[in-house]
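All remarks here apply to the structure that follows.
The values are calculated or read from the model by the stated rules, or taken from the named source; none is laboratory data. Model, not experiment: these values are computed from the prediction. Cβ atoms come from the backbone with ideal geometry, glycine included; neighbour counts cover every protein chain shown. When the accessible area is computed, the model is the full protein with side chains, heavy atoms only, and any ligands, DNA or RNA have been set aside. Shrake-Rupley method; radii C 1.70, N 1.55, O 1.52, S 1.80 Å.
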Amino acid sequence: MGAELSSHPLLKVRPSLVYSFKTNEVETFTPTYAPDKAVCAPHRRETCKMAPVLIKRILISESVDACCKKILQENGIEVTEKQNMSKDELIADIKNYDGLVVRSATKVTAEVINAASNLKIIGRAGTGVDNVDVEAATKNGIIVMNTPSGNTISAAELTCALIMSLSRHVPQADMSMKAGRWDRKKFMGAELYGKVLGIVGLGRIGKEVASRMQSFGMRTIGYDPITPVEVSASWGVEQMSLEQLWPQCDYITVHTPLMPSTTGLLNDESFAKCKKGVKVVNCARGGIIDEAALLRALESGQCGGAGLDVFVEEPPKERALVNHPNVVSCPHLGASTKEAQARCGQDIALQMVDMVKGKALVGAVNAQVLASTFSPESHQWIRLGEAMGAVLRACTSSKQPYSQVQITTTGDCLKKSTGFLSSAVVVGLLTDSSSGGPNLVNALTLAKETGLEVAMKHDDGAGGAACVVEVCVNGTRSKAQGSVQADAPVLEELEGSPFRQPVPLAGHLLFFKAAASPQLLPSITGALAAAGVEMESFSAPTARGGEQWYCVGISSLMGDLGALKALVKEAAQITV
């Protein structure tokens, strides 16, 4: 599949010229219709099967299950494996690849990302993306994905193992036996039956932990700001606030991502609210439990034991927690099972292949807008959005900064499409000849950086499916309306005047603004003929009074739009 895509004729980019008599400047303009700058051939009516991202070469920088490489290669993607690369080696080499697969050791920093001129996707074979600078990736239009369910079972099982180890002192008893002692009284434990387990974070892993520990007769309570109360209740977990949860728990386990709101979630203050002797487990991310506060709670007896698989610094240089007699620690083994590694390797490869083939986008953490674009119908609406942005950019003072753009969708079929259509419009508005331009991943981020306010809405009561775009430049507003007809994007209206026949947004298009007169069409035809350009179609506005926008489909771009200056007020040409 990858080999076929790499040579597909629809994936070639054609530059075009934009000329405005307002600025008297000519610039190169290249519309892009996906992150890999794929465009559809002109005048094609059949559905265009575009892949959102073109991937030909992938670097695997860590030890990932062999099935990952096999799946990628079977789908025509070239794979290179290089483990234990230094930061400088990765920075020097990353420019040669379209994709990167990592686990947790490779640090994909902004410096690495900025050196990755061809990188389009970063795949983390595991849960979380703490080792990837997602903000830098998004700004560069790079998709970041992980395998959120790959190690769910393994992490849940390890959590349960640590809970049981804390309740019966299994590791300590084993070490005592190996030392030749028989300390039955020293390792008096407690049953889990009837105890209360607090689960902070009720995602996939939290759910699996709950179901397993319920089989021991534990009462499970929890907290999660996202999972609905009724959903967790169906698993047998009663949700409550953290203030209500702390004092009830005999055991607490955390299963949240590491972010500002969860850093130090268990600290001196929260430990003080817990039962004396509460036991805690962290198989999620180092830092969710304040390590200094945990050590103080262990020393005072407020915390009766801790099971730790993760640390703020790995491996930890400060050994006080690891060496504490009431701590059971592991060297980050949550995903270290054969099954989890095979599952994560398989999942990240299949997710990448599905994306390249245009089937689906699963596990993306920064490109949710693309999730709705994997259907033949959405491809044409993406083309429409970008083309409408390009038309408005060409027909306004393109050198002036836009202050606002309003995208309005109508029709039932576009209720869930406003997001990607808005991104597509912004791509068309902001694209120029510079490299590293906008795509559907970073369009809204770049718009914010340039001061462009993007507003979007869906109008339920406005009739058929259509997209209306209105831009504001220096207080002046310009508006266009388009739709998809017969599987092709068309422009229906420009600057408040509908066209008599919708303009197919494909091929070479010449837009000009002029007053209607009997001599207009012959004069334009003559100017085109003198430039060696044939007229292929002509779309006139329905309005007759004043100066209106016209559109001409032409065989090739004119070398010099100045030849039209005496005939029209404004002119611009683009290739779609």
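If you take the residues in the stretch 350-368 that are of a type in the set (Gly, Ala, Ser) and touching a strand residue (DSSP E or B) at 6+ places or on another chain (Cβ under 8 Å), which one is farthest from Leu444 (Cα to Cα)?
First, the residues of the stretch 350-368 that are of a type in the set (Gly, Ala, Ser): 358, 360, 363-364, 367.
Pick out the ones that are also touching a strand residue (DSSP E or B) at 6+ places or on another chain (Cβ under 8 Å) and you get 363-364, 367.
Values: Gly363: 20, Ala364: 17, Ala367: 11 Å.
Result: Gly363.
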Out of the residues in the stretch 342-358 that are open to solvent by 40 Å² or more (accessible area, probe 1.4 Å) and in a helix (DSSP H, G or I), which is modelled with the lowest pLDDT?
-> Asp354
Among the residues of the stretch 359-380 satisfying the criterion of being in a helix (DSSP H, G or I) and small (Gly, Ala, Ser), which is nearest to the chain's Cα centre (by Cα)?
-> Ala371
Quick count over the stretch 145-177, residues being at pLDDT 95 or above, polar (S, T, N, Q) and in a loop (DSSP other than H, G, I, E, B), is 0
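Considering every residue within the stretch 124-139, establish whether at least one is over 21 Å from Val310 (Cα atoms), part of a loop (DSSP other than H, G, I, E, B) and either modelled with pLDDT under 95 or open to solvent by 10 Å² or more (accessible area, probe 1.4 Å) (or both).
Of the residues in the stretch 124-139, the ones over 21 Å from Val310 (Cα atoms) are 134-139.
From what is left, the residues that are part of a loop (DSSP other than H, G, I, E, B) are none.
No, because not a single residue in the stretch 124-139 is over 21 Å from Val310 (Cα atoms), part of a loop (DSSP other than H, G, I, E, B) and either modelled with pLDDT under 95 or open to solvent by 10 Å² or more (accessible area, probe 1.4 Å) (or both).
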Scan the strands (runs of 3 or more DSSP E) fully inside the stretch 183-277 and keep the ones with 2 or more residues being within 18 Å of Gly287 (Cβ to Cβ) and either open to solvent by 50 Å² or more (accessible area, probe 1.4 Å) or free of Cβ contacts under 8 Å to residues at least 60 places away in the same chain (or both).
-> 251-254
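Table: residues versus (1) free of Cβ contacts under 8 Å to residues at least 12 places away in the same chain; (2) charged (D, E, K, R); (3) not in a strand (DSSP E or B).
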{"residue": "Val426", "(1), (2), (3)": "no, no, yes"}
{"residue": "Leu440", "(1), (2), (3)": "no, no, yes"}
{"residue": "Lys448", "(1), (2), (3)": "yes, yes, yes"}
{"residue": "Glu470", "(1), (2), (3)": "no, yes, no"}
{"residue": "Ala480", "(1), (2), (3)": "no, no, no"}
{"residue": "Pro498", "(1), (2), (3)": "no, no, no"}
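Could you tell me which residue of the stretch 544-576 is farthest from Pro502 (Cα to Cα), considering only residues that are in contact with a Pro (Cβ under 8 Å, 6 or more places away or on another chain) and without any contact (Cβ under 8 Å) to a residue 60 or more places away in the chain?
Among those that are in contact with a Pro (Cβ under 8 Å, 6 or more places away or on another chain) and without any contact (Cβ under 8 Å) to a residue 60 or more places away in the chain, it is Gln548.
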Scan the stretch 312-337 for residues that are part of a loop (DSSP other than H, G, I, E, B) and within 25 Å of Lys276 (Cβ to Cβ) and jot them down.
-> His324, Pro325, Asn326
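Please find, within the stretch 506-524, the residue that is farthest from Ser555 (Cα to Cα) out of those that are surrounded by 15 or more Cβ atoms within 10 Å (Cβ to Cβ) and over 45 Å from the mean Cα position of the chain (by Cα). Don't jump to the end; show me each part of the working.
Narrowing the stretch 506-524 to residues surrounded by 15 or more Cβ atoms within 10 Å (Cβ to Cβ): 506-514, 516, 520-521, 523-524.
Subset that is over 45 Å from the mean Cα position of the chain (by Cα): 516, 520-521, 523-524.
Values: Ala516: 24, Leu520: 19, Leu521: 17, Ser523: 17, Ile524: 14 Å.
In this case the residue turns out to be Ala516.
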Do we find a residue being in contact with a Pro (Cβ under 8 Å, 6 or more places away or on another chain) and open to solvent by 10 Å² or more (accessible area, probe 1.4 Å) anywhere in the stretch 153-163?
-> no
Only unsatisfied item for Asn114, checking (1) more than 24 Å from Pro315 (Cα to Cα); (2) open to solvent by 50 Å² or more (accessible area, probe 1.4 Å); (3) within 16 Å of the chain's Cα centre (by Cα), is (3)
Residue list for the stretch 392-421, filter: closer than 26 Å to Gly358 by Cβ, in a helix (DSSP H, G or I) and aliphatic (A, V, I, L, M) | Leu414, Leu421
Is it the case that Asp460 is open to solvent by 10 Å² or more (accessible area, probe 1.4 Å), touching a strand residue (DSSP E or B) at 6+ places or on another chain (Cβ under 9 Å), in contact (Cβ under 8 Å) with a residue 24 or more places away in the chain and within 17 Å of Ala394 (Cα to Cα)?
-> no
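Collect the residues in the stretch 308-335 that are among the charged types (D, E, K, R), open to solvent by 80 Å² or more (accessible area, probe 1.4 Å) and in contact (Cβ under 8 Å) with a residue 40 or more places away in the chain, keeping them in residue-number order. Explain how you work it out, then say what you get.
Start the filter on the stretch 308-335 by keeping residues that are among the charged types (D, E, K, R), which leaves 309, 313-314, 317-319.
Retained after the next criterion (residues that are open to solvent by 80 Å² or more (accessible area, probe 1.4 Å)): 313-314, 317-319.
Within the stretch 308-335, none qualify.
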Could you name every one of the strands (runs of 3 or more DSSP E) located completely within the stretch 1-109 that has at least 1 residues being open to solvent by less than 30 Å² (accessible area, probe 1.4 Å) and modelled with pLDDT under 50?
-> 16-20, 25-29
